[in-house]
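One structure is given here, and the rest of the page talks about it.
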Amino acid sequence: MTEYLSLSLILFTIGAVGVLVRRNAIVVFMCIELMLNATNLALVAFAHQHGNLDGQIAAFFVMVVAAAEVVVGLAIIVSIYRTRRSASVDDADLLKG
Amino acid sequence: MTAFWTLAPVMVVAALGLLFARKAVHAALCLAVVMISLAVQYAALGAPFLFAVQIIVYTGAIMMLFLFVLMLVGVDTSDSLKETIAGQRLAATVVGLLFGVVAVLAIGQTVTGAVTGLGQANENGNPFGLAELLFGPYVLAFELTSALLITAALGAMVLAHRERLGARASQATLAERRMREYAETGRHPGNPPTPGVYARDNAVDLPARLPDGTSAPDSVSQVLRDRGQVRPAPGAKDPVDPADTTDTGPREVEE
């Protein structure tokens, strides 16, 4: 149990650092997916620990929401790329004060 | 636990690859490795349904979408190493490491009871147990999922749709524009000439030869001209490059 949670935390941390460090919007998005996957692993591990399936249901819903989120997020990235010819998060600074 | 200890190092290394890969495609491949390994972990944790869903939804649909957008946006867009906020990368790494160490230590000190295992919950099969929960207590959330998916599909269509700003140019306006260009700049209104066809060469990087012996630079694609990959036509009397006029022997490919 502890090792599954530790692995989940390590993956989550790597994803969080990736979101902060990477500049390419698509890679940032992949890091968000990594964080979602890490929480899924924790949920499934908890379901295994407690012997009921609620954790697996939660992981299932996370997957559904992640799929919807990826579709909308990638559409946003494509439309940003169309107007700015760049997928770097540094170039989308129109709201800067 | 064998599956766990075999795959955990692979997963951590692949996740680190997501951090350090310069090219976005390499990062996507690393993420695919993590996701497939996660699917195997699910199978080892008594979740065969989630194993299948993980493979189908994540590695099948989501990674394909990622790669599709990567190809659309351009594979060459690798990360710049220039920092816009000074010291941000170092600060993010330090904070991330601190978070990870603190969280793993906290997890390590918690006391967990004995693992119950899913033997009883999965006695009718894992998908059966999941379905009983999904269409029982969680049915409202399940119904809401459909609304979410429809909204996401509509949102993606609206976001990716490009509105046409002006009327579409008809054939008549195109012809008129071409003729006006011919009157003003002298640009020929017809098709540009095709690249050269010679006894030994029929290649797109060789310009066609005009009746007076000079070559027609228009006949080669603009891309090749910009890259400087146009080869001189054999035997062309180009005023700019007289050395080529005598070249009728076996021609070497210039680099």
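The values are calculated or read from the model by the stated rules, or taken from the named source; none is laboratory data. It should be emphasised that the depicted structure is a prediction, and the values quoted were computed from it without experimental measurement. Glycine also receives a Cβ, built like all others from the backbone with ideal geometry; neighbour counts cover every protein chain displayed. To get the accessible areas, we keep the full protein, side chains included, count just its heavy atoms, and leave off ligands, DNA and RNA. Shrake-Rupley method; radii C 1.70, N 1.55, O 1.52, S 1.80 Å.
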Selection from segment A:38-53 of residues at the interface with chain B (Cβ under 7 Å from one of its Cβ atoms) and either open to solvent by 40 Å² or more (accessible area, probe 1.4 Å) or over 20 Å from B:A141 (Cβ atoms) (or both) yields A:L41, A:A45, A:H48, A:Q49, A:H50, A:G51, A:N52
How many residues does segment A:21-35 hold that are closer than 12 Å to B:L31 by Cβ, in contact with a Phe, Trp or Tyr (Cβ under 9 Å, 6 or more places away or on another chain) and open to solvent by 10 Å² or more (accessible area, probe 1.4 Å)?
2
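Residue-wise test of (1) farther than 27 Å from B:L19 by Cβ; (2) within 7 Å of chain A (Cβ to nearest Cβ).
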{"residue": "B:T93", "(1), (2)": "no, yes"}
{"residue": "B:T112", "(1), (2)": "yes, yes"}
{"residue": "B:L118", "(1), (2)": "yes, yes"}
{"residue": "B:A121", "(1), (2)": "yes, yes"}
{"residue": "B:P127", "(1), (2)": "yes, no"}
{"residue": "B:L130", "(1), (2)": "yes, yes"}
{"residue": "B:L133", "(1), (2)": "yes, yes"}
Condition met for A:A25 (touching a residue at least 60 places away in the same chain (Cβ under 8 Å) and under 24 Å from B:A92 (Cα atoms))
yes
Taking segment A:36-61 and keeping residues in contact with a Ser or Thr (Cβ under 9 Å, 6 or more places away or on another chain), more than 16 Å from A:Y4 (Cβ to Cβ) and of a type outside the set (S, T, N, Q) leaves A:F61
Residue list for segment B:107-134, filter: surrounded by 11 or more Cβ atoms within 10 Å (Cβ to Cβ) and either part of a loop (DSSP other than H, G, I, E, B) or in contact (Cβ under 8 Å) with a residue 12 or more places away in the chain (or both)
B:T112, B:V115, B:T116, B:G117, B:L118, B:A121, B:N122, B:G125, B:N126, B:P127, B:L130
